[in-house]
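Every read-out reported here was derived from the displayed coordinates using simple, explicitly stated rules and does not represent laboratory data. Everything numeric in this text was worked out from a predicted model, so none of it was measured. Using ideal geometry, Cβ is built from the backbone for each residue, glycine included, and neighbour counts are taken over all protein chains shown.
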Amino acid sequence: MIHKRIAQLLTAWMIVVLIWPVGVTGRVFAEDTWVNITSAAEFNNIRSNLTANYRLMADIDLTGYPNWTPIGTDASRFTGQLDGNGKIISNLSLTNTSTNNQGLFGVIGTAGKLTNVVVEHANLSAGVNTGILAGTNYGQISASSASGNISGYDNVGGLVGSNYGQISNSFTQSQVSGKNNVGGLVGYNNGTVQTSYAASVVSMSVLNNYLQFDGVDDYIEIPHQSYYMTNSFTLEAWFQWDKAGTDDTQFITGKGFEQFEIHTGGGSGVNGIRFIPVYRPKTLYADGRAYQDVRNVIQPGWFHVAAVWDYSTQTARVYINGQPQNIYQVGNNVGTIAPVPLKNPGVNPYADNLSNFTIGIRSDMTFPFKGKISDVRFWNTVRTSEEINADKNKQLTGSESGLMGYWKLNEPSGTVATDSTSNHNNGTVMGGAVRVQESGINYGGLVGLNASSVTGSYYDSAISGQTDEGKGVPSTTSAMKSISTFSGWDFTSIWKINEGNSYPYFNRFSVKYSADPNGTIDGYASQIVSPGGIGSSVTAVANKDYKFEKWSDNLTTAARQDTNVSGDLSVTASFLEAVPPDTLSIVVADTSLVVGETSPVIFTFSEAVTDLTTADLTVDNGSLSEPTSSDGGLTWIATLTPAANVSAATNIITLDNSGVQDLAGNPGIGTTDSNNYAVDTTLLSVSVEQAKDQADPTNTGPILFNATFSKPVSGFTKEDISFDGSTVSGSLVAALSEIAPNDGTTYEISITGMTGKGLVVVSIPANKVMDALGNQNSASTGKDNTVTFDTTSPQVTIPKLQANYSGLSPISFGVNFNKPMNNPIGDTDTDDVTNPDNYLLVKTGPNQIFDTLSCVAGLASDDIQFAFNSVDYNDTSNSSIIHLSNRLPIGSYRLFICGTTSIVDLAGNPINGGKDAVFNFTVYPEAGSLPETGFPQEKITILPVQPADMTYANSGLTLSIPSLGVQTAIVGVPRSEQSWDVSWLGNRVGYLYGSAYPTLPGNTVLTGHTWNADNTPGIFANIKNLSHGDILKIFAYGQTYTFEVRENSLVESDNVDVAMKHEELSWVTLLTCESYDAGTGDYAYRRMVRAVLISVE
């Protein structure tokens, strides 16, 4: 294979050397530097990188680019390489008479190289430096050809317009016309041309002679003739419009109103062409569909228009520069063949048209044309695009079939427009239209003007109509088809010729791919490739039940792409039968495996196989030894070992059949499963949990648990139960009963014998119970195998009530419990701590005696009940707050916390052993004055003993004022008839009954002395110095309540309303005396500081 590759490379190198121009330094590109081109879009994209190397891998059809833009300009030249690879570029179309350097390539730079490039069916109308392959070449062109129709001004060639580089081993067979320097192969040569030929028609451009119309009164009038009343017709003309860029209406031809009319603008828009073949009322619809509009096609420069009316099909066509155009009727695109149905199809629509034929104006002498017109043709036939293209760039003889009128407009002077047909129906030039006569120079069969070297090159003098010498050897057609003419040419590697029958053509190799009956070829099965070129990739595709074997040249990959092709190639792909082996069965001998057991596994195939390994096998809950075969691969055996600690009734072994192959190399397909086998190698486990509906805590028995085993057991008794960890008093006794699903796995354990509070813990120690296989249980587990047994009653310990209230009664009451209470969702449950019905508040009636005795007895008739609005419960502090809807009126009240009927703890125990917690309090009229909180100064005041009914209540709360260095206890101060006596506070702070209890919502009034009885400053002597933002703190229930000062002011001593102001939020009002009068020993005012709660931590 290495030797074959070297031979291919050497052959390719020899071919490149033979094709490369003599004296040109070449280079061989690495294969990975080439960009493969397979579509017109990819070919068009070459312009995005003008330095890359490209190779055609498929024929390229440029039909989708109706006005091609050349690749490369003089400012940005193509300097890469294009290898045509024997492929064909077809249908190149280009119209641009105002820009230089027109062709497939605009300008090829000195480093640019084109090899094996073939262009066919080209159609170009351009200006200076025009060639089918390239406008201007500074690089190297070899083994390339072009055919088609091309016209231009100066330097026009069938292959290249202007050549400053090298052209070798190339040819063209085209129609070439122009003004100056026009050649069959090259228009102007200032480089080298060698071993090339042309068989092109070379002629003077039809545009060398024309009439210039002034757009005012210039026109041509041609007499009507009867033969002009034809059924079908084609009108052709070359024109250059001076009003390009507008939508002005100016007529090129016309005969009668709305017949034979070709004009610019109108409904066709800016730069549009309108063709009106038939008078509108004679059409079926008699509307704007009689107007055939081609939009935006006219640009600066010369254009060829051909308008066709086909009476047989009642359709119209318009061609610009030989290319069919989309036609619009009343704004709708109807395609390139426009229907124009006649009202009377059997009647010639022109039978009554006796009008003269006009050029450059409408028949009614309106809409004159401004610009140039040349070579007007009037046919009585339906001309095709091919016919129009073949003739549009050359002058006709006038004797062509179907040509009724032909006005070349090439007369040197006078007012006669000569009809060159045998009809001689001459027209008259009106208005002084200017005749322009432009003679051309330098026409050549091969090269128009040669300024350098032409060697070993020829042209067909008969076809070209030229006989020039010194720039290519003129030869007859028969000589051009004989190998003997082409002295020094390589007809072995580069050229071929059918002696006497054809011009020379390029040596191309045929590459053919075929398949035997068991497969097909994906890709181009038949290809043409240049010497040393690369074929398109193909793939041999096998039919069903077959697989690719090899190609007839022993290549063993199904996909191939032949490179460096050095001769004809024909190869065939062969295929082999590819029926995969079947796995007939996989049998596990022992279908119930327990701890310590193994089982043989037998694999049976439809034919002998190889490569069966554990890597191909998936085993549920077990492992296999490596399979072995003793009969050549038909049957295999392995040992199955179950996995530990597994209990699974459904298990299989799965074989991936693709891992094995028969002796022919065909792999298996899909998967195969074994029979089912059970595995039980788990230890017996058990869990113990509270029964589903067991209350926890509970105050009743029995207490229920569920024991769940992982497998059915037998012999499970109450003696297997353990109470380790239990703290409940009493002698615990267990009872067992099997419950659903009644399969030996699930049991209910009922525990009795509890006599006092504590935990009941149930477990099953290890090795107490066995399953059917004799596996002993492990110690039980459980998320909740404990229940609290509790028969103690909760107590109401700290009701937040005071005995007396002044003016403003509490709006809520706080109640503390010594254990968690029952608080289900909602507030309507009978035993719910948040049910307002579980709290009873009554006021004495007319007899001023409490007649209501308990919650269970209910409200007595003489008492008055006040309903609670809602109850909030805090399960962290085990406390509730009972809310009234409104404050209470003056009177005596009794509050019941119901234990006789309702509130219970989590275990269901009622509060106070089933008794109500009862609290009495009184709401007095509002106090008349604020308390005296200062003693006379400059003397010691002797206090009497504090009366028992004036005793202050110890709240357990502490007040802190960090900025004053104050921290002291808070005590409750009861109210007398009109005020509060705070004489015995000392350095403590008094909470005034009748204001909100400290830390609860509302306004709490705390008072302290400004001057003590022992003639020293009191605890509140400096609160006048507190300002907005200062902090107060109350320490209560293990939490810190922080308040922020919001105001500090003086109030009158009798302004109780201000001090006792109602608040919805939790506020603290600090109160003391101020403004001491030494003469009277009294204090005139009270200092009041108010702060609001901002946080609780």
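Enter the angle in degrees (range 0 to 90, nearest 10) between the Cα long axis of helix 2-19 and the first principal axis of the Cα atoms of the chain, meaning the one along which they spread out most.
Result, in degrees: 50.
Charges on Cβ only, +1 for Lys and Arg, -1 for Asp and Glu, centred on the Cα centroid of the chain; of 1083, 482, 313, which one is farthest towards the dipole's positive end?
Checked the options; the winner is 482.
Add +1 for every Lys or Arg and -1 for every Asp or Glu among the other residues with Cβ under 9 Å from the Cβ of residue 444, and state the total.
0
Mark the label point 7 Å from the Cα of residue 700 along Cα→Cβ and return the residues of segment 815-854 whose backbone N is within less than 17 Å of it.
Under cut-off, by backbone N: 822, 830-832.
Treating cross-link reach as a plain straight distance, find the lysines whose alpha-carbon is under 22 Å from the alpha-carbon of residue 843, omitting any fewer than eight places away in the same chain.
Partners found: 800, 915.
If I model a spin label as a point 7 Å beyond the Cα along the Cα-Cβ vector, how far apart are those points for residue 783 and residue 342 in nm?
It is 9.6 nm.
Provide the net charge surrounding residue 254, with neighbours chosen by a C-beta distance below 12 Å and charges set as Lys +1, Arg +1, Asp -1, Glu -1.
Around residue 254, the surrounding residues sum to -1.
Order by neighbour count: 1009, 121, fewest other Cβ atoms within 10 Å first, most last.
121, 1009
Between rounded, prolate and oblate, where does segment 949-1087 land on the alpha carbon gyration tensor, with a ≥ b ≥ c its root eigenvalues, rounded for a/c under 1.5, else prolate if a/b exceeds b/c?
In terms of gyration-tensor shape, rounded.
Calculate the FRET efficiency for residue 963 and residue 1039 from the Cβ-Cβ distance with a Förster distance of 22 Å, rounded to the nearest 0.05.
The value I calculate is 0.55.
Using 0.36 nm per residue of separation minus the Cα-Cα distance, give me the extension gain between residue 869 and residue 740 in nm, one decimal.
Result: 41.7 nm gained on full extension.
I'd like the distance separating the alpha-carbon centroids of segment 1072-1097 and segment 968-1018, in whole Å.
Distance between centres, Cα-based: 11 Å.
Can you compute the helix-only [θ] at 222 nm over the chain? Use -39500 (n - 2.57) per DSSP H run of at least 4 residues, normalise by all residues, nearest 500 deg cm²/dmol.
Calculated mean residue ellipticity at 222 nm is -1000 deg cm²/dmol.
Applying a 10 Å radius around every beta-carbon, put 647-656, 465-474 in order of their mean neighbour count, most first.
465-474, 647-656
At a 10 angstrom cut-off on C-beta neighbours, averaged per residue, how do the peptides 137-146, 71-80, 690-699, 344-353 rank from highest to lowest?
Most protected by this proxy first, the peptides run 137-146, 71-80, 690-699, 344-353.
Give the aspartates and glutamates whose C-alpha is closer than 15 Å to that of residue 939, dropping any in the same chain fewer than 8 places away, or say none.
Excluding near neighbours in sequence, the set is 1014, 1077, 1082.
Expressed in nm to one decimal, what extension gain is obtained for the pair residue 48 and residue 212 from 0.36 nm per residue of sequence separation less their Cα-Cα distance?
54.9 nm
For the chain, give me every cysteine whose Cβ has no other Cys Cβ within less than 4.7 Å, ordered by residue number.
1073
For a quick protection proxy, order the peptides 707-716, 436-445 by their average other-Cβ count within 10 Å, most packed first.
The most tightly packed comes first, giving 436-445, 707-716.
Within segment 756-787, list the residues whose amide N lies under 14 Å from a label point set 7 Å along Cα→Cβ of residue 683.
Of the residues in segment 756-787, 765-771, 775-781 have backbone N under 14 Å from the label point off residue 683.
What net charge is computed for the residues neighbouring residue 168, neighbours being all others with C-beta under 13 Å from the C-beta of residue 168, Lys and Arg scored +1, Asp and Glu -1?
0
At a Förster distance of 30 Å, what's the computed FRET efficiency of residue 772 paired with residue 675, Cβ-Cβ distance as r, to 0.05?
The pair residue 772/residue 675 has a calculated efficiency of 0.80.
Where a Cα-Cα gap under 22 Å defines reach, which lysines qualify for residue 768, not counting those fewer than 8 residues away within the same chain?
Within the straight-line cut-off, residue 768 pairs with 711, 718, 783.
Please get the size of the charge dipole for the chain, origin at its Cα centre, with Cβ charges of +1 on Lys and Arg and -1 on Asp and Glu, quoted in debye to the nearest 20.
4560 debye
Taking the Cα centre of segment 608-735 as the origin and placing charges on Cβ (Lys, Arg +1; Asp, Glu -1), which of 649, 728, 609 is farthest toward the positive end of the dipole?
728
Going by C-beta contacts inside 10 Å, put 942, 89 in order with the fewest on the left.
Arranged by neighbour count, lowest to highest, 942, 89 become 942, 89.
Calculate the length of the line joining the C-alpha centroid of segment 329-345 to that of segment 503-553, in whole Å.
About 47 Å separates the Cα centre of segment 329-345 from the one of segment 503-553.
Would you mind checking the pairs 471/512; 179/370; 394/512; 87/392; 179/243; 392/512 and listing those with alpha carbons more than 30 angstrom apart?
471/512; 394/512; 392/512
For residue 1062 and residue 577, calculate 0.36 nm times their separation in residues minus their Cα-Cα distance, and state this gained length in nm to one decimal.
164.4 nm
For residue 491 paired with residue 597, estimate the spin-label separation in nm (one decimal), with each label point 7 Å from Cα along the Cα-to-Cβ line.
That separation, rounded to one decimal, is 9.2 nm.
How high is the FRET efficiency between residue 851 and residue 946 when r is their beta carbon distance and R₀ equals 30 Å, given to the nearest 0.05?
The formula returns an efficiency of 0.30 here.
I need 90, 312 ordered by Cβ neighbour count within 10 Å, fewest first.
Going from least to most buried by this count: 312, 90.
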